[in-house]
Amino acid sequence: MISDDDLTARGLAPSGQGRVLLIACGALAREIVDIRAANGWNHIDLQCLPAILHNTPDRIVPLVEEAVSKHRNNYETILIVYADCGTGGLLQAACDRLGVSMVAGPHCYSFFEGNAAFDARGEMTCFYLTDFLVRQFDAFVWRPLGLDRHPQLRDTYFGNYTTLVYQAQTDDPALTALAQDHAARLGLGFERRLTGYGDLPGAIAGAAISRNC
């Protein structure tokens, strides 16, 4: 939890003036709700766009633009809780044009681990799952890739991967066991990293508070 003392030490103070809207990927909803509750940020509202947009990243930017246009007059601050997420820089450009901030990083796997740590690893043969994707593996990975109908495609999609890395936001043995099952289905080695929420709380804190002038 980010305490008031931590905020004060950083020259920051609880906003208390107007409301904050987080326009977020639906895959992050549970984590955002937990972070908001842990810090008592009751002035923050959350609107989630469908998590399945990650399978069609070209749709993310127009839907974010639409949501910002719809809500911007009702909020003092809007934060886009997406990283680049396959938009090729177009989401950042849209946020700059709209005058709103977004979470830094190429994707959620990076900011959950911490962008600096993820970048330093330089991993090229790892396939990543978060808590959400472990729970929703069939709906977001197995069936969209057609592996339920054409299991022979597994090597086509995953032949260049060696390891499934489960970035665990929570310490849940049942989710870990499920993630191991997913790794076996894909024919990959398995590694679990308890990342927690990584850079996400700090990004939300930046929207939740305002600088003293």
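Only the coordinates and a few stated rules stand behind these numbers; no lab work does. From a predicted model like this one, the values you see are computed outputs, not experimental measurements. When we count neighbours, we look across all protein chains shown, and the Cβ atoms used for this are built from the backbone with ideal geometry, even at glycine.
When exposed loop sites are taken as trypsin sites (Lys or Arg not before Pro) in a DSSP loop with at most 15 other Cβ atoms within 10 Å, the longest stretch of the chain clear of them is 20-148.
In this simple spin-label approximation, Arg193 and Asp34 carry label points 7 Å from Cα along the Cα→Cβ vector, and these lie 1.7 nm apart. Helix 173-186: angle to the longest alpha-carbon principal axis of the chain, degrees 0 to 90, nearest 10? The answer is roughly 50 degrees. Structure remark: mean-square fluctuation, Gaussian network model of the chain, C-alpha springs under 10 Å; the largest value among Ala104, Ala117, Ala183 belongs to Ala117. Which one of Ala120, Phe158, Ala183 has its Cα pushed farthest toward the positive end of the charge dipole of segment 117-194, where Lys and Arg give +1 and Asp and Glu give -1 at the Cβ? Result: Phe158.
Give the relative contact order (percent, whole number) for segment 113-183; include only Cα pairs under 8 Å separated by 6+ residues. About 46 percent, as a whole number. Fewest-first ordering of Ser69, Ser101 by other beta carbons within 10 Å of each residue's beta carbon gives Ser69, Ser101.
Exposure proxy ranking for His43, His150, based on other Cβ atoms within 10 angstrom of each Cβ and starting from the fewest, stands as His150, His43. For the chain, relative contact order (Cα pairs under 8 Å, six or more residues apart, normalised by length) works out to 23 percent. Here's the picture: charge each Lys and Arg Cβ at +1 and each Asp and Glu Cβ at -1 in the chain, and of Leu133, Leu98, Leu46 the one pushed furthest to the positive end of that dipole is Leu98.
Springs between Cα atoms under 10 Å define the GNM used for the chain, and in it the highest mean-square fluctuation of Gln167, Gln92, Gln136 occurs at Gln136. Helix 60-71 and the longest principal axis of the C-alpha atoms of the chain enclose an angle of approximately 30°. Taken about its Cα centre, the chain carries a charge dipole of roughly 380 debye when the Cβ of each Lys and Arg holds +1 and the Cβ of each Asp and Glu holds -1. Extension gain for the segment Asn74 to Ala117, taken as residue separation times 0.36 nm less the Cα-Cα distance, is 11.8 nm to one decimal. One quarter of the convex hull surface built on the alpha carbon atoms of segment 117-194 amounts to 5.0 nm², the projected area averaged over directions.
Taking a point 7 Å out from the Cα of Thr125 in the direction of its Cβ, the residues of segment 154-184 whose backbone N falls within less than 14 Å of it are 158-165. Taking the helices alone, the chain has a mean residue ellipticity at 222 nm of -11000 deg cm²/dmol, built from -39,500 (n - 2.57) per DSSP H run of at least 4 residues and averaged over all its residues.
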